[in-house]
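> Please find one structure pasted underneath; my questions will follow.
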Amino acid sequence: MSELIREKLSLPNGHDKLLLHSCCAPCSGEVMEAIQASGIEYTIFFYNPNIHPQKEYTLRKEENMRFAEQHGIPFIDADYDTDNWFERARGMENEPERGIRCTMCFDMRFERTALYAFEHGFSAISSSLGISRWKDMKQINGCGERAAAPYPGMVYWDYNWRKKGGSARMIEISKRERFYQQEYCGCVYSLRDSNLHRKAQGRDLIKLGVKYYGDEDDE
Ligand code: SF4
């Protein structure tokens, strides 16, 4: 296994205990290893009621749990309160990715992360969400900052996980670990839209639970 080279990170303003929201193992693999290599104390918070269907949710969560366990990192398995998610998404079913439905979705996940952090003595929050090149970092950071704001002394850490080789290491770790490779963002609407796009291109529709990082290297 090659040694990954990274800069040493530190939490902003002398904060020392981080609650890291994680969306999935591929996105959080590099984020977790970078934080750990810097000696920052952290816990994973898995709260993603957007992921649909439950089979996909369970696949993504269990992959992430296994990786956290391997690294000796505490993993908080939060609610899968899909009713709340659908309630908040009502009227936004046909919004495009990076639009207002996604702002709602990030807000919801960050709000719960910040509340848990406040109730359990964490003074900093962040998320693996921003490492994906499909996401709008500005949108994600706005949601993170909004969620932390009501709690005195709490900070949202807006570190750009993509930079200084982060994106390449994300792929390297995903292949090394042979993580499950999801093929849509997560919600039922992103699954629908990804399939519509594939259909228009004459490609096969998404099959859940079949694609793993590194498989193509074996062919
Ligand atoms: S596309 Fe992704 S970020 Fe946007 S609402 Fe769906 S799951 Fe959430």
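> Under 7 Å between Cβ atoms, at least 6 apart or on separate chains: pull out the pairs that start in region 74-89 with a residue that is among the basic types (Lys, Arg) and end on any residue that is surrounded by 13 or more Cβ atoms within 10 Å (Cβ to Cβ) and modelled with pLDDT of 95 or more.
Close Cβ pairs (under 7 Å, with a partner that is surrounded by 13 or more Cβ atoms within 10 Å (Cβ to Cβ) and modelled with pLDDT of 95 or more) amount to Arg88/Met104; Arg88/Met108.
> Which number in (1) out of contact with any helix residue (DSSP H, G or I) (no Cβ under 7 Å at 6 or more places or on another chain); (2) among the polar types (S, T, N, Q); (3) modelled with pLDDT of 95 or more marks the one condition that Ser10 misses?
If we test Ser10 against (1) out of contact with any helix residue (DSSP H, G or I) (no Cβ under 7 Å at 6 or more places or on another chain); (2) among the polar types (S, T, N, Q); (3) modelled with pLDDT of 95 or more, just (3) comes out false.
> Please find, within region 188-219, the residue that is nearest to the ligand (Cβ to nearest atom) out of those that are out of contact with any Leu (no Cβ under 6 Å at 6 or more places or on another chain) and small (Gly, Ala, Ser).
Here the residue is Ser190.
> Checking the conditions here, which among Arg66, Arg133, Arg90, Arg98 is away from the ligand (no atom under 16 Å from the Cβ) and surrounded by fewer than 16 Cβ atoms within 10 Å (Cβ to Cβ)? Please lay out each step first, then the result.
Values: Arg133 fails: away from the ligand (no atom under 16 Å from the Cβ); Arg90 fails: away from the ligand (no atom under 16 Å from the Cβ); Arg98 fails: away from the ligand (no atom under 16 Å from the Cβ).
Answer to the check: Arg66.
> Ok, one more. Quick one: in region 47-88, of everything that is touching a helix residue (DSSP H, G or I) at 6+ places or on another chain (Cβ under 6 Å) and in a helix (DSSP H, G or I), which residue is nearest to Asn141 (Cα to Cα)?
That would be Arg88.
> So, one more: Quick check: anything in region 178-187 within 12 Å of the ligand (Cβ to nearest atom) and free of Cβ contacts under 8 Å to residues at least 24 places away in the same chain?
The first filter runs over region 178-187 and keeps only residues within 12 Å of the ligand (Cβ to nearest atom), leaving 182, 184-187.
From what's left, free of Cβ contacts under 8 Å to residues at least 24 places away in the same chain: 184.
Yes, the conditions are met somewhere in region 178-187.
The values are calculated or read from the model by the stated rules, or taken from the named source; none is laboratory data. Everything numeric in this text was worked out from a predicted model, so none of it was measured. Cβ sites come from the backbone with ideal geometry, for glycine too, and all protein chains shown count toward neighbours.
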